[in-house]
């Protein structure tokens, strides 16, 4: 009975959560979907996973295949770590489009919060392959019932109460009468009393149900994702970021500030973007001298208010973006940028939308091969290229933290931030865990470079692609970083998503 009751409650909560639009928040701020390019042997897959906003919930999966012909794809959700990761459920087949056999769609249930993976079992002309994409499964909202639905259910409930009271009254008044006989005054009085009593009992049941529902809703709200808090403190140019552990009580949402994994060689990737004009951007990498306490000596930065976005990855592969703000005072002394740190100074937003070509300080030019149309909630492989001062493809491109490039897609109102890479929007550390590989292997299978930049002597392609889809309409600024020679360049591009 208890198991059945739990299932009924779970079903009711899941149904309720389907009736309203969510307020988005996520590890990538405001960007819940996952975009990934997979090289699984001879098969190349462009994967889009549209995560649910409630847990349990349905994730919708899209795959565009290229390379060797793919015949079938099966997908399976399972945790990245823990005992459950060793016992996957039965896989679900994806459906290929009759009009486009290279395009597959499918869906899977995400039944619990945490660090999950979607495993792809690929069958095609070149044999079988398996690859996984890490996904953070979190409830990101509690939802209210729509007014129209609530009104309809209220009317239906009132009808049921009145009908039940009428049935009770008829049973007391007429049940033992001979056919055609009229009820006596006594029977009528007892019928009235029975009606009042039945209404009182049903009112008590309704009150109990409402109380139970509120308790369940409160318990569910404890599972809604809340990012870890970060407390910034600035002394001269020394920035201290104190990351506080999140205590989810008896829920599974608790997260430690002592279990961070290096991602692209760093425990935190910190973006500092000056507001409101987004005319200064810094990509920095604080050190972690003590648990939960990041430190960095800031470079020389123009005065103003800066929005901070700090990407971290937990030991189970769960990624988070910590958000805060700091104010840089005038004439703050600065330290040299670290070897992987970079900055850029694009024109302020008030000057209008930036074009598809961005001139860099040393004469190089970064160019965006912009799609003819860009819509929200649509997956793209955004392509950028680096040209030298003569307008020719840059011949001295080098890996930047093991990748051809890094990108940050930022909405100008601060509600969306996504730090992505050529292989996709998932963190490399999580990708490694999901596929059971080390960092170099994970990089190689997804088109990246050796993470030891000193061992890479051959110039790279001057072109880089970033899979991503804008989660909402509005104005965005895109920051692209590539390295040539010893110089890390930062280009900026604007887009208004209709």
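The values are calculated or read from the model by the stated rules, or taken from the named source; none is laboratory data. Here the structure is a predicted model, which means the values were calculated and not measured. Here the Cβ positions follow ideal geometry from the backbone for every residue, glycine too, while neighbour counts run over all protein chains shown.
Among the residues of the stretch 85-116, those that are farther than 30 Å from residue 259 by Cα and either in the same structural domain as residue 427 (by TED's automatic domain parsing) or assigned to a strand (DSSP E or B) (or both) comprise 92, 93, 95, 96, 103, 104, 105, 106, 107.
Among the residues that make up the stretch 285-301, is at least one of them in the same structural domain as residue 478 (by TED's automatic domain parsing) and touching a helix residue (DSSP H, G or I) at 6+ places or on another chain (Cβ under 7 Å)? The answer is no; no qualifying residue exists. Quick one: is residue 298 surrounded by 21 or more Cβ atoms within 10 Å (Cβ to Cβ) and within 18 Å of residue 237 (Cβ to Cβ)? Yes; evaluated as a whole, the condition is true for this residue.
Determine if the stretch 285-295 includes at least one residue that is touching a strand residue (DSSP E or B) at 6+ places or on another chain (Cβ under 8 Å) and under 23 Å from residue 482 (Cβ atoms). Looking through the stretch 285-295, at least one residue is touching a strand residue (DSSP E or B) at 6+ places or on another chain (Cβ under 8 Å) and under 23 Å from residue 482 (Cβ atoms).
So, in the stretch 391-433, how many residues would count as being free of Cβ contacts under 8 Å to residues at least 40 places away in the same chain and out of contact with any helix residue (DSSP H, G or I) (no Cβ under 7 Å at 6 or more places or on another chain)? Please lay out each step first, then the result.
Start the filter on the stretch 391-433 by keeping residues that are free of Cβ contacts under 8 Å to residues at least 40 places away in the same chain, which leaves 391-392, 432.
Of the ones still in play, those that are also out of contact with any helix residue (DSSP H, G or I) (no Cβ under 7 Å at 6 or more places or on another chain) are 391-392.
Qualifying residue count, the stretch 391-433: 2.
Quick check on this structure: which one of 180, 249 is assigned to a loop (DSSP other than H, G, I, E, B), out of contact with any strand residue (DSSP E or B) (no Cβ under 8 Å at 6 or more places or on another chain), farther than 28 Å from residue 158 by Cβ and assigned by TED's automatic domain parsing to the domain that holds residue 312?
On the way: 180 fails: assigned by TED's automatic domain parsing to the domain that holds residue 312.
Only one candidate passes the filter, namely 249.
Note on the stretch 189-237: residues that are closer than 23 Å to residue 310 by Cα and assigned to a loop (DSSP other than H, G, I, E, B) amount to 8. Taken over the stretch 455-496, the residue count meeting the criterion of being surrounded by 21 or more Cβ atoms within 10 Å (Cβ to Cβ) and free of Cβ contacts under 8 Å to residues at least 60 places away in the same chain is 0. The set of residues from the stretch 235-261 being touching a residue at least 60 places away in the same chain (Cβ under 8 Å) and surrounded by 15 or more Cβ atoms within 10 Å (Cβ to Cβ) comprises 237, 239, 241, 243, 253, 255, 261. State yes or no: is residue 313 in contact with a helix residue (DSSP H, G or I) (Cβ under 6 Å, 6 or more places away or on another chain), crowded, with 21+ Cβ neighbours inside 10 Å and in the same structural domain as residue 482 (by TED's automatic domain parsing)? The answer is yes for residue 313. Inside the stretch 210-231, residues that are touching a strand residue (DSSP E or B) at 6+ places or on another chain (Cβ under 7 Å), over 17 Å from residue 260 (Cβ atoms) and touching a residue at least 60 places away in the same chain (Cβ under 8 Å) make up a count of 3. Residues that are modelled with pLDDT of 90 or more and in a loop (DSSP other than H, G, I, E, B) were ranked within the stretch 117-175; the one that is nearest to residue 28 (Cα to Cα) is 138.
For residue 124, the stated conditions hold: it is touching a residue at least 24 places away in the same chain (Cβ under 8 Å), farther than 21 Å from residue 225 by Cα, buried (at least 16 other Cβ atoms within 10 Å of the Cβ) and not assigned by TED's automatic domain parsing to the domain that holds residue 316. I need the full set of residues from the stretch 53-89 which are modelled with pLDDT of 95 or more and farther than 18 Å from residue 115 by Cα, in order please. Selection gives 62, 63, 64, 65, 69, 70, 71, 72, 73, 74.
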